[in-house]
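Student: One structure coming up, written as structure tokens, with questions to follow.
The values are calculated or read from the model by the stated rules, or taken from the named source; none is laboratory data. If you're wondering where the values come from, they're calculated on a predicted model, not measured in any experiment. Neighbour counts are summed over all protein chains in view; Cβ atoms, including those assigned to glycine, are modelled from backbone coordinates with ideal geometry. When the accessible area is computed, the model is the full protein with side chains, heavy atoms only, and any ligands, DNA or RNA have been set aside. Shrake-Rupley method; radii C 1.70, N 1.55, O 1.52, S 1.80 Å.
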Amino acid sequence: MGRTLTYPKGLSNTVNRYKHRATYDLGAIHSIINISQVLHVSFNPGPEDPFPTILPMIGQMGSFEYPSATIDEPLECYLHGYVSSRIMNLARNSDGKGLPICIATSKVDGLILSLTPNSHSYNYRSAILHGYASLVTDEEEKLWAMKLVTNSVLSNRWENTRIPPDRAEMSSTVILKVKIVDGSGKIRDGGVSDERKDTDNDEITGRIWTGFVPVWETFGEPVPSPGNKIEKVPEHITSFIKKKNVENRALAEGSVEVALPKEETF
């Protein structure tokens with residue numbers, strides 16, 4: 001059996017509250033990052049601005065140097081952006097180490113409805129990465145990263161577009177490569193957790209419904225654009241939608257110990 005690779009615990013990534021929910025496993029953390037449509041990237045804009053900046057960005061974990069690397073191995077995070085954006089300018093003008101950034105994301109899997117307001121919660125998966133961002137200047141690596149990010153939006157989408165991008169598109173697009181220093185994840189699964197003083201009180205349990213409401217991201221029916229000339233939705237789109245909807249529902253319903261009856265709808 002192979003060993004599980006983990007991020008080292010440090011001041012910036014150690015989970016202090018509900019430590020039993022923490023994970024430092026590369027595979028778990030990278031998986032949460034890769035299934036997220038939006039990553040929130042924060043950085044220090046400079047001494048003239050006292051507030052940290054947070055941007056919603058599209059990104060994906062991967063390794064150009066070792067393309068066969070699996071999700072549980074050391075990977076970089078590639079972020080897609082516009083050439084003149086502030087984060088790109090800061091990364092371009094940073095020292096050789098790169099721009100320090102934090103990458104965060106969360107996925108909600110369900111609502112935990114308890115007897116008391118204080119016991120309400122979510123089932124969730126969250127991940128945070130810290131690292132140093134620099135611009136990808138090698139054109140081969142840039143194209144590889146653009147393909148990686150495009151196919152993270154919808155599987156095989158890169159191959160079903162007009163490729164490669166032209167010179168103007170390549171010039172206006174910048175890819176940030178983030179060398180990861182550390183990371184951590186936090187996962188809450190399971191059901192309702194109430195105190196005995198409440199669960200033993202028949203008056204309370206007799207009037208308050210408790211339980212779990214699964215939450216999952218759903219992809220709807222494709223809507224053609226006004227200029228679309230293809231009558232049938234391509235298989236790479238329909239199969240992606242079907243696969244993701246099944247996976248997302250299974251993850252949500254699987255995050256609680258007692259599954260809901262399949263015939264119930266809400």
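Student: Step by step: first the residues of the stretch 66-106, then only those that are among the charged types (D, E, K, R) and closer than 15 Å to Ile180 by Cα, then the one that is farthest from the chain's Cα centre (by Cα). Which residue is that?
Tutor: Among them, the one singled out is Lys97.
Student: Just to be sure I understand the filter: pairs with C-beta atoms under 8 Å, separated by 6 or more residues or on different chains, first member in the stretch 246-265 and on the phi < 0 side of the Ramachandran plot and of a type outside the set (Val, Ile, Thr), second member open to solvent by 40 Å² or more (accessible area, probe 1.4 Å) and modelled with pLDDT under 90. Which pairs pass?
Tutor: Cβ pairs passing all conditions: Glu253/Ala259; Glu253/Leu260.
Student: Follow-up question, since we're still on this one. Checking the structure you have, find out if any residue of the stretch 72-93 is open to solvent by 50 Å² or more (accessible area, probe 1.4 Å), among the acidic types (Asp, Glu), in contact with a Leu (Cβ under 6 Å, 6 or more places away or on another chain) and part of a loop (DSSP other than H, G, I, E, B).
Tutor: Yes: the stretch 72-93 contains one or more residues that are open to solvent by 50 Å² or more (accessible area, probe 1.4 Å), among the acidic types (Asp, Glu), in contact with a Leu (Cβ under 6 Å, 6 or more places away or on another chain) and part of a loop (DSSP other than H, G, I, E, B).
Student: Go through the residues of the stretch 59-80 one by one and say whether even a single one is touching a residue at least 24 places away in the same chain (Cβ under 8 Å), over 30 Å from Arg3 (Cα atoms) and aromatic (Phe, Trp, Tyr).
Tutor: no
Student: Here's a follow-up. Could you please find all residues in the stretch 219-231 being exposed (fewer than 10 other Cβ atoms within 10 Å of the Cβ) and either closer than 30 Å to Tyr122 by Cβ or not small (Gly, Ala, Ser) (or both)?
Tutor: Selection gives Gly220, Glu221, Val223, Pro226, Lys229, Ile230, Glu231.
Student: Now for a separate question. If only one of Ile230, Ile187 is modelled with pLDDT of 95 or more and out of contact with any helix residue (DSSP H, G or I) (no Cβ under 7 Å at 6 or more places or on another chain), which one is it?
Tutor: Ile230
Student: Restricted to the stretch 156-196, and to residues that are under 29 Å from Val108 (Cα atoms) and without any contact (Cβ under 8 Å) to a residue 24 or more places away in the chain, which residue is surrounded by the fewest Cβ atoms within 10 Å (Cβ to Cβ)?
Tutor: Here the residue is Arg196.
Student: Moving to a separate point now. Can you give me the number of residues within the stretch 39-71 that are out of contact with any Gly (no Cβ under 9 Å at 6 or more places or on another chain), open to solvent by 30 Å² or more (accessible area, probe 1.4 Å) and among the β-branched types (Val, Ile, Thr)?
Tutor: Residues that pass the stated criteria total 1.
Student: When the residues of the stretch 1-60 are narrowed to those that are among the β-branched types (Val, Ile, Thr) and assigned to a loop (DSSP other than H, G, I, E, B), which ends up nearest to Thr105 (Cα to Cα)?
Tutor: The extreme case among them is Val38.
Student: Just name the residue that is surrounded by the most Cβ atoms within 10 Å (Cβ to Cβ) out of those in the stretch 120-150 that are polar (S, T, N, Q) and assigned to a strand (DSSP E or B).
Tutor: Here the answer is Asn123.
Student: Out of (1) in contact with a Leu (Cβ under 8 Å, 6 or more places away or on another chain); (2) within 22 Å of Lys177 (Cβ to Cβ); (3) open to solvent by 30 Å² or more (accessible area, probe 1.4 Å); (4) of a type outside the set (Val, Ile, Thr), what's the single condition that is false for Asp25?
Tutor: (2)
Student: If I ask for residues that are open to solvent by 50 Å² or more (accessible area, probe 1.4 Å) and touching a Lys or Arg at 6+ places or on another chain (Cβ under 9 Å), which ones from the stretch 94-117 would you list?
Tutor: Listed by number, the residues that qualify are Lys97, Ser106, Val108.
Student: Go through the stretch 151-266 and tell me which helices (runs of 4 or more DSSP H), entirely inside it, have 2 or more residues that are of a type outside the set (Phe, Trp, Tyr) and under 26 Å from the mean Cα position of the chain (by Cα).
Tutor: Correct list: 167-172, 235-253.
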